[in-house]
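Please read the structure below before turning to the comments.
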Amino acid sequence: MADFPDTPPTETPSYFGTGGDNPLSSLPATPPTYDPAHNLYAPLPNPNSNAAVISESRDDPWWINPWPLAALASAIALVVAASVIGAFLLLDDNQPSLVSLGGGSGVVGGANLSLRGEALDVQGVLGVVSPSVVAIETNVENFRGVFGGSGSGIVIDRNGLILTNAHVIEDADTVEVVFFDGTRAPATIVSSIVAEDVALIQVQGVTDTLPATLGTVEQLLVGDPVLAIGNALGLGGDPTVTLGILSAKNRQIEAGRLSFDNLLQTDAAINPGNSGGPLVNAAGEVIGINTAIIEGSQNVGFAIAIDSVMDFLEGFAEGDASLTPDTAWFGASSRSLAVVPEAQRDEAGVTTGDGVFIIDVFEGSAADRAGLEDGDVIVGINGVAVATPEDVARIIRRLDPGDIINIEFERRGNAQSVDIGLGTRADASNGD
């Protein structure tokens, strides 16, 4: 077993050892390719709203408003929803975490075949996993208030490295982690791949954290018992737990040019706030990261198989801490105008009835270069009407850096239009 450093690294650490000691070395270099019975077409999670929903038809689902609409009874939703602190309250979500059975250091465990066919000890597994489950709280701040989201994360080493979903923390101004014992600590984003919806954050000022044991899905069978653990609904306190079975393996959600594959389907209830948290087996090993649910149907949830995350973790350990430099990035935090309080709309001089209300613009981003400001309302992109942050995300995710988009927006009652070339997060970070 590879030893982990006793003190937090100053640059990019090697958390998983090298050579034969590497507990990840037994995993395949790339996840297997699957041919699922059906594909679910959906865009990537929208980091700006921390909420995302896809309407689902029998053959070809598409993205819709993350907040419930009577006409949309069935939907796949990323289980991330932001709560707004000091301004307005939305659904709440982020990710859960898990714990190491033997106090290991992000080690990979084997399938717990001895427990197959026996009742799962929920309290026993929860007792083992809970110390590695953290709540993640994020804030986006501007002159209109503080807009906050909450979720969950998985501790994967003794120096406070935490695995979560990219959509939980992307575009956050501040990230804070709450540990099982109530300890709070700030965290920084150290690596993120939006296309795979995975990210790593590093906690500051906390040492000797208890890592989870990472399992594998290779020997899991449909019908095996599983637990979903995390910060459900962002209520805080002890992690919540729901019991279910593995309903299916190798599910896929496609998003234009991108896709999530090797998803696990479960009937364990996954709620907003669970996103990024662990799906665990009867041995308390993490086998997946809770990511999506189907709204309007009972107990249909999806988790990213932990095997699919191993390349990301190995890449980070080898020094690849890229924040998705090749992905088109718009660079504005926003909310559906439908959920913005009337007083806030009046303050911004909003007259339109539908659109996407901007709450923050990131310096150097395409939104910034387009001259967009807090309080502007985007009503259309490339001639397509938008009413939610997910509408914007659906368009941007299918474009490349450098593509020109036309933005129609309202500013204090005046209709305006501007053309701007999309950039990347790396461009904005470098001031290009």
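A few points about this structure:
- Just one of the numbered conditions (1) among the β-branched types (Val, Ile, Thr); (2) surrounded by 21 or more Cβ atoms within 10 Å (Cβ to Cβ); (3) part of a loop (DSSP other than H, G, I, E, B) is not true of Val392: (3).
- Set side by side, the residues Gly371, Gly349, Gly353 differ, and just one is under 17 Å from Ile405 (Cβ atoms), more than 24 Å from the chain's Cα centre (by Cα) and assigned to a loop (DSSP other than H, G, I, E, B), which is Gly371.
- Members of segment 208-228 that are closer than 9 Å to Asn281 by Cβ and either basic (Lys, Arg) or part of a strand (DSSP E or B) (or both): Pro225, Val226, Leu227
- Boolean, Asp360 is closer than 17 Å to Trp329 by Cβ, in a strand (DSSP E or B) and either in contact with a Cys (Cβ under 7 Å, 6 or more places away or on another chain) or touching a residue at least 40 places away in the same chain (Cβ under 8 Å) (or both): yes
- Test: residue in segment 309-323 that is crowded, with 18+ Cβ neighbours inside 10 Å, touching a residue at least 12 places away in the same chain (Cβ under 8 Å) and assigned to a strand (DSSP E or B): yes
- Qualifying residue in segment 373-389 (condition: under 21 Å from Arg335 (Cβ atoms), of a type in the set (Ser, Thr, Tyr) and surrounded by 21 or more Cβ atoms within 10 Å (Cβ to Cβ)): yes
- Applying the condition of being under 23 Å from the mean Cα position of the chain (by Cα) and part of a loop (DSSP other than H, G, I, E, B) to segment 374-389 and asking which residue is farthest from Ala415 (Cα to Cα) yields Thr388.
- All positions within segment 192-215 that are surrounded by fewer than 24 Cβ atoms within 10 Å (Cβ to Cβ), closer than 21 Å to Asp173 by Cβ and more than 13 Å from the chain's Cα centre (by Cα): Gln202, Gln204, Gly205, Val206
- Verdict on Gly355 being on the phi > 0 side of the Ramachandran plot and either in contact (Cβ under 8 Å) with a residue 40 or more places away in the chain or in contact with a His (Cβ under 9 Å, 6 or more places away or on another chain) (or both): yes
- Put simply, of Ile162, Ile189 the only residue that is out of contact with any Pro (no Cβ under 7 Å at 6 or more places or on another chain), farther than 17 Å from Ile287 by Cα and crowded, with 18+ Cβ neighbours inside 10 Å is Ile189.
- Residue selection: Asn382 fails the criterion of being within 15 Å of Asp368 (Cα to Cα) and not charged (D, E, K, R).
- Residue count for segment 280-294 satisfying the condition of being modelled with pLDDT of 85 or more, under 18 Å from Lys249 (Cα atoms) and over 14 Å from the mean Cα position of the chain (by Cα): 6.
The values are calculated or read from the model by the stated rules, or taken from the named source; none is laboratory data. Keep in mind that what you see is a predicted model, and the values were worked out from it rather than measured. In this analysis, Cβ positions are derived from the backbone assuming ideal geometry, glycine residues included, and neighbour counts consider all displayed protein chains.
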